[in-house]
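A short write-up of the structure that comes next.
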Amino acid sequence: MVDSNERSHSGTRHIPSLLSAMLRASDGILELLPIATFICDAEGTILQYNRHAVAVWGGAPSPGQTHEQFRETARFFDLDGAPAARSLVAEVLATGQPVRDVERIVEHADGSTLIVSVNIDPLRNAKGELVGAVNCFLDITARKRADAALERSRLHALEQDQRLAATYEHAAIGISEVDPDGRFLRVNESICAITGFSRKELLAGRLFRYTHPDDADPDREAFRKQIAGELEFYSVEKRFVRRDNRVIWLSVHSSPVRDAEDRLQYIVRVVQDITERKQAEQRQRLLMDELNHRVKNTLATVQSLAAQTARGAHTPAAFRERFEGRLIALSKAHDQLTMHHWENADLRDLLSGSLAPYAGAGRVVLRGEDLVLRPRAVLTLAMAVHELTTNAAKYGALSIPAGSIEIQWQPVRTDDDRQVLRIEWLEKGGPPVVEPEHRGFGSKLIEGSVSAELGGEARLYFTPEGLRCEFVVPMESIAADIHQ
């Protein structure tokens with residue numbers, strides 16, 4: 001922010017008292033405005049400007065410098081590239097007539113250029129005498145998609161009370177004026193769009209009426225201190241209940257406007273809808289918490305896989321083969337979750353990814369409705385399906401060309417009226433199956449993980465026609481609520 005002392009020069013004390021009072025009242029408003037703005041006196045001396053004006057000019061004017069003198073630093077051209085023969089500010093000061101929506105090319109000292117839309121209004125005292133001008137210019141260089149908004153944001157004539165209200169009437173952010181009792185004096189179109197209330201509805205109400213009850217007290221207390229003179233500026237982020245009852249997040253910047261005798265006139269409140277930012281922040285917090293939890297669980301899972309695989313492997317080569325396969329299955333499950341921001345993954349996608357190498361010529365059939373899984377269910381089922389796939393590829397239906405696998409799933413009701421998901425793995429056309437004398441780590445992982453992680457059951461049936469595995473898992477522990 002440019003300091004107010006740097007934006008006025010030594011001759012400021014000689015300017016008419018009304019303009020002096022206006023400058024004091026507008027000092028905070030200029031920096032709140034989203035467009036470049038400067039104020040000059042009747043001689044064209046630049047008295048006040050905001051940081052957006054400095055960005056457009058490519059530098060700040062010297063104290064006491066007139067607009068005509070400063071034009072030598074930032075050169076102005078017509079849109080056809082010809083040097084602007086007339087100073088718009090000088091014309092307004094000479095004729096007393098406002099300038100509306102004149103486009104100029106501004107060339108900086110480094111040769112860079114931009115296009116601005118200029119609006120200038122004369123400032124008059126109570127006697128109607130010209131005491132200066134207010135210049136608002138908007139950078140429209142890259143605003144391809146905002147042509148309609150630019151049209152709506154043309155400034156209207158300043159009101160006779162000279163509060164510069166027209167400067168922010170159609171600003172892209174919500175702006176309101178509130179009296180010390182909390183009554184709305186004026187609201188712009190953007191604040192109506194943000195809140196969903198019409199101008200008439202807002203003007204008939206009071207501040208904090210639609211603020212979420214859990215967030216009203218901090219804003220109300222800060223506003224009380226501001227009215228009492230105990231607090232100058234303050235900002236607050238709070239929830240707001242729109243007219244359609246949707247709760248949104250708002251960022252509010254509250255600033256007092258005082259007259260020449262330092263008496264409070266009204267409060268300017270600048271409002272922005274930050275709902276998307278708040279949702280992103282919440283998502284990020286949840287994601288970090290979930291990742292922290294999952295990293296710990298993954299490390300524990302890897303340690304368990306390594307220990308159990310080592311006990312069942314007779315050679316280093318066998319250990320490496322089995323351990324790497326299990327790690328790859330775990331990695332694929334993580335990939336599925338990453339695609340969905342670690343919130344959920346689809347059961348069909350999980351099964352398709354695990355069996356993709358064997359899916360040719362109808363060898364893998366998936367039957368069931370789409371079902372979104374919780375993260376824990378994704379990891380648990382991915383490891384179980386990997387063990388079944390590996391076994392089928394070595395000894396079962398996938399070990400010969402004629403073999404196939406069918407996986408079916410559907411939600412069912414139990415006798416005690418619980419809703420569960422039944423998943424059935426069926427192998428067909430493979431070598432005859434004989435039940436092993438000893439259960440290996442793969443079988444224990446399938447049965448144990450489903451029970452421990454999901455509160456369900458996994459049963460293996462070694463029928464001669466082919467291996468069959470049945471999972472029965474409570475829906476509340478496996479299905480994600482995608483609407484929460």
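The values are calculated or read from the model by the stated rules, or taken from the named source; none is laboratory data. Here the structure is a predicted model, which means the values were calculated and not measured. Cβ: placed from backbone, ideal geometry, glycine included. Neighbour counts: every protein chain shown.
Being at positive phi and within 42 Å of the chain's Cα centre (by Cα) is true for just one of Gly448, Gly455. Which residue is that?
Details: Gly448 fails: at positive phi.
Among Gly448, Gly455, only Gly455 is at positive phi and within 42 Å of the chain's Cα centre (by Cα).
Of the residues in region 390-413, how many are assigned to a loop (DSSP other than H, G, I, E, B) and surrounded by 11 or more Cβ atoms within 10 Å (Cβ to Cβ)?
So the answer is 3.
Run down Val433, Val420, Val385 and say which single residue is surrounded by 18 or more Cβ atoms within 10 Å (Cβ to Cβ), part of a helix (DSSP H, G or I) and in the same structural domain as Phe462 (by TED's automatic domain parsing).
Val385
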Open item on the list: Whether any residue in region 220-233 is at pLDDT 90 or above, of a type outside the set (Asp, Glu), assigned by TED's automatic domain parsing to the domain that holds Ser190 and under 21 Å from the mean Cα position of the chain (by Cα) is what I want to check.
Closed with: no
Task: Single condition Pro83 does not satisfy, out of (1) surrounded by fewer than 16 Cβ atoms within 10 Å (Cβ to Cβ); (2) under 40 Å from the mean Cα position of the chain (by Cα) - done: (2)
Task: Qualifying positions in region 259-271 - in contact with a Leu (Cβ under 9 Å, 6 or more places away or on another chain) and surrounded by 17 or more Cβ atoms within 10 Å (Cβ to Cβ) - done: Tyr266, Ile267, Val268, Arg269, Val270, Val271
- [ ] For region 180-188, indicate whether the set of residues that are modelled with pLDDT of 90 or more and under 26 Å from the mean Cα position of the chain (by Cα) is non-empty.
- [x] no
Task: First in region 452-475 and assigned to a strand (DSSP E or B), second anywhere and among the charged types (D, E, K, R) and surrounded by 21 or more Cβ atoms within 10 Å (Cβ to Cβ), Cβ under 8 Å, 6 or more apart - done: Gly466/Glu427; Leu467/Glu427; Arg468/Glu427
- [ ] Give the residue that is surrounded by the most Cβ atoms within 10 Å (Cβ to Cβ), with candidates limited to residues of region 444-467 that are out of contact with any Ser or Thr (no Cβ under 7 Å at 6 or more places or on another chain) and β-branched (Val, Ile, Thr).
- [x] Ile446
TODO: Those residues that are in a helix (DSSP H, G or I) and over 14 Å from Val178 (Cα atoms), I need them from region 223-233; list them, please.
DONE: Lys225
Open item on the list: If I go through region 119-156 residue by residue, how many of them are in a loop (DSSP other than H, G, I, E, B) and either modelled with pLDDT of 50 or more or farther than 20 Å from Gln48 by Cα (or both)?
Closed with: 15
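Okay, residues lined up against (1) over 18 Å from Arg206 (Cα atoms); (2) touching a Ser or Thr at 6+ places or on another chain (Cβ under 6 Å):
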position	(1), (2)
Glu230	yes, no
Leu250	no, no
Arg269	no, yes
Asp273	yes, no
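Considering every residue within region 100-110, establish whether at least one is closer than 19 Å to Trp57 by Cα, in a loop (DSSP other than H, G, I, E, B) and charged (D, E, K, R).
Our first condition is that a residue be closer than 19 Å to Trp57 by Cα; within region 100-110, this holds for 101-110.
Okay, now just the ones that are also in a loop (DSSP other than H, G, I, E, B), so 108-110.
If we keep only those that are charged (D, E, K, R) too, we end up with 110.
Checking region 100-110: at least one residue is closer than 19 Å to Trp57 by Cα, in a loop (DSSP other than H, G, I, E, B) and charged (D, E, K, R).
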